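The values are calculated or read from the model by the stated rules, or taken from the named source; none is laboratory data. Computed from a prediction, not measured in an experiment: that's the story for all the values here. Backbone-built Cβ (ideal geometry, glycine too); neighbour counts: all protein chains shown. Areas reflect the complete protein model, heavy atoms only, side chains present, ligands, DNA and RNA absent. Shrake-Rupley method; radii C 1.70, N 1.55, O 1.52, S 1.80 Å.
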Amino acid sequence: VQLQASGGGLVQPGGSLRLSCAASGFTFSSYTMGWFRQGPGKEREFVAGIMDRGDTTVYANSVKGRFTISRDNGKNTVYLQMNALKPEDTAVYLCAAYREWRMVRFGSKYDYWGQGTQVTVSS
């Protein structure tokens, strides 16, 4: 199983980034996919989740209205479009896969994790 996140980088406040996470080694279309982040000196936190068919999404309050999660099951890839970025969005962003849906916000329930990609928001 592999989850390879990419697309991170340095961006100014108010800017945008699009993260991608390419999955392999499991039946991607049968899994909920989630994005989490861990900022410097902070605990890992839930950012966004998307159901296996892509028809249901959920977001942390801190990113609602700014971030959009989507997926392409034909490409085994999940995306996170991040707009209006703030310095407090600075973190390592990780993608993860979860066999169910009801505990989507809880990282401890996820089955597979990727390595993460660094996002730094700074002027």
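Can you spot a residue in the stretch 19-40 that is open to solvent by 30 Å² or more (accessible area, probe 1.4 Å) and basic (Lys, Arg)?
No, the conditions are met nowhere in the stretch 19-40.
Under 6 Å by Cβ, and 6 or more places apart or on different chains, what pairs join a residue from the stretch 89-107 that is open to solvent by 70 Å² or more (accessible area, probe 1.4 Å) with one that is of a type in the set (D, E, K, R)?
Sorted first by the residue in the stretch 89-107, then by its partner, the pairs are Arg99/Asp111.
Which residues, taken from the stretch 41-50, are in contact (Cβ under 8 Å) with a residue 40 or more places away in the chain and open to solvent by 30 Å² or more (accessible area, probe 1.4 Å)?
Lys42, Arg44
Using the structure shown, decide if Val58 is open to solvent by 10 Å² or more (accessible area, probe 1.4 Å), among the β-branched types (Val, Ile, Thr), part of a strand (DSSP E or B) and closer than 20 Å to Tyr112 by Cα.
Answer is yes for this residue.
For the stretch 74-85, does any single residue satisfy the condition of being touching a residue at least 24 places away in the same chain (Cβ under 8 Å), small (Gly, Ala, Ser) and outside any loop (DSSP other than H, G, I, E, B)?
no
Within the stretch 10-33, can you find the residues that are under 26 Å from Lys109 (Cβ atoms) and either aromatic (Phe, Trp, Tyr) or not in a strand (DSSP E or B) (or both)?
Gly25, Phe26, Thr27, Phe28, Ser29, Ser30, Tyr31
Given the residues Glu88, Glu43, Glu100, which is the only one that is farther than 17 Å from Gln2 by Cβ and assigned to a helix (DSSP H, G or I)?
Result of the check over Glu88, Glu43, Glu100: Glu88.
Can you tell me which residue in the stretch 74-88 is farthest from the chain's Cα centre (by Cα), limited to those that are closer than 13 Å to Ser29 by Cα and exposed (fewer than 15 other Cβ atoms within 10 Å of the Cβ)?
By that ranking, first place goes to Gly74.
Which one is surrounded by the most Cβ atoms within 10 Å (Cβ to Cβ) among residues in the stretch 108-123 that are touching a Pro at 6+ places or on another chain (Cβ under 7 Å) and of a type in the set (Ser, Thr, Tyr)?
Ser122
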